[in-house]
Every structure is written in structure tokens, then in C-alpha cells.
């Protein structure tokens with residue numbers, strides 16, 4: 001009898017501080033609990049405090065997220081990999097040329113200039129963009145509204 005493995009997904013951005021942890025948390029919130037989900041960055045970073053604010057809007061606590069780099073992840077252990085920055089796509093190709101990756105061009109909300117409200121709104125746009133892309137791109141995993 002063939003053993004079934006859990007589907008697995010990895011989200012990668014530059015510092016594992018904004019886009020990739022948001023994507024992973026959103027899929028965990030809305031997705032199938034049977035999917036192994038992780039996130040990583042090309043470089044070492046720290047969790048952005050604005051991520052905590054916009055994810056708390058959904059009741060998601062990001063306190064336990066420990067940013068990590070690709071060197072701390074076995075890329076080849078993941079069936080599906082989503083690169084959320086051009087640098088992430090290049091780094092994944094260098095580390096795992098045969099990996100099945102998708103590239104999503106996601107806004108960098110930390111580039112937003114303006115007051116606190118404008119910055120938070122940029123982070124919410126990214127969160128909502130990721131939610132829409134997860135729902136459209138992974139309907140087999142994304143189950144809850």
C-alpha cells in the first residue's frame with residue numbers, strides 16, 4: 001500500500017518578515033489543516049510590527065513567528081513553492097534548480113511613504129492581495145471564506 005504524504009507549501013520573500021509569513025499564516029487560517037506550510041526569507045530579518053497589526057485584524061497572532069532564511073529550510077521537501085519577490089525566485093532557482101516554483105509579484109508595503117494610517121493601509125492591501133491569490137491559486141487547500 002502506497003503511503004500518502006501531506007501536501008506541502010513554502011512561501012519565500014526577502015527577509016521572512018512581511019509577505020511570506022503573512023501568506024503562510026493566511027493559508028493556515030483559511031486552509032486545509034492537512035497541508036504542511038512554512039515560510040522563509042533570502043536574508044535574515046525580523047517580524048515587522050505592522051504585520052502583527054494587520055493580521056490581528058483577522059484574529060491571527062504572529063508573536064510566535066521566528067523569521068528564518070532559506071538555509072534553514074529543505075527546499076526540496078516542498079511540493080509547491082511561491083516566491084513573493086524577484087530575489088526569492090532567483091535564490092530558490094540557485095538552491096534547487098528543479099523545484100516547482102511560482103512567482104507572485106506582491107507589493108512591498110514597507111516602501112509606503114506617509115503617515116501611520118497610510119502605511120497600515122498598504123499592509124492591509126498586501127494581506128488582502130495574498131488572500132485573493134491564495135483563494136484563486138490554491139482552491140484545493142483554501143477552504144474557509
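None of the figures in this text is laboratory data; all of them are computed from the coordinates on show. Keep in mind that this is a model prediction, so the values were computed, not measured. Glycine gets a Cβ as well: all are built from the backbone with ideal geometry, and neighbour counts include every protein chain shown.
Some values worked out for this structure:
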read-out: Residue match in region 116-133 (condition: in a loop (DSSP other than H, G, I, E, B) and touching a helix residue (DSSP H, G or I) at 6+ places or on another chain (Cβ under 6 Å)); value: no
read-out: Extreme residue, nearest to residue 13 (Cα to Cα), among residues of region 111-127 that are crowded, with 16+ Cβ neighbours inside 10 Å and either more than 19 Å from the chain's Cα centre (by Cα) or without any contact (Cβ under 8 Å) to a residue 12 or more places away in the chain (or both); value: 112
read-out: Residue check for residue 106: under 13 Å from the mean Cα position of the chain (by Cα), assigned to a loop (DSSP other than H, G, I, E, B) and surrounded by 15 or more Cβ atoms within 10 Å (Cβ to Cβ); value: yes
read-out: Residues located in region 63-73, provided they are over 14 Å from residue 11 (Cβ atoms) and part of a loop (DSSP other than H, G, I, E, B); value: 63, 64, 66
read-out: Subset of region 87-103 (residues that are closer than 26 Å to residue 140 by Cα, assigned to a helix (DSSP H, G or I) and out of contact with any strand residue (DSSP E or B) (no Cβ under 7 Å at 6 or more places or on another chain)); value: 93
read-out: Unique residue being under 14 Å from the mean Cα position of the chain (by Cα), within 21 Å of residue 128 (Cα to Cα), in contact (Cβ under 8 Å) with a residue 60 or more places away in the chain and not in a helix (DSSP H, G or I) when the list is 9, 55, 22; value: 9
read-out: Filter result (closer than 18 Å to residue 110 by Cβ, surrounded by fewer than 20 Cβ atoms within 10 Å (Cβ to Cβ) and in contact with a strand residue (DSSP E or B) (Cβ under 8 Å, 6 or more places away or on another chain)) within region 36-64; value: 43, 44
read-out: Residue check, residue 33 free of Cβ contacts under 8 Å to residues at least 60 places away in the same chain and surrounded by 20 or more Cβ atoms within 10 Å (Cβ to Cβ); value: no
read-out: Unmet criterion (only one of (1) more than 12 Å from the chain's Cα centre (by Cα); (2) part of a helix (DSSP H, G or I)) for residue 27; value: (1)
read-out: Residue selected from region 74-86 under the condition over 14 Å from the mean Cα position of the chain (by Cα) and part of a loop (DSSP other than H, G, I, E, B), by the criterion farthest from residue 27 (Cα to Cα); value: 74
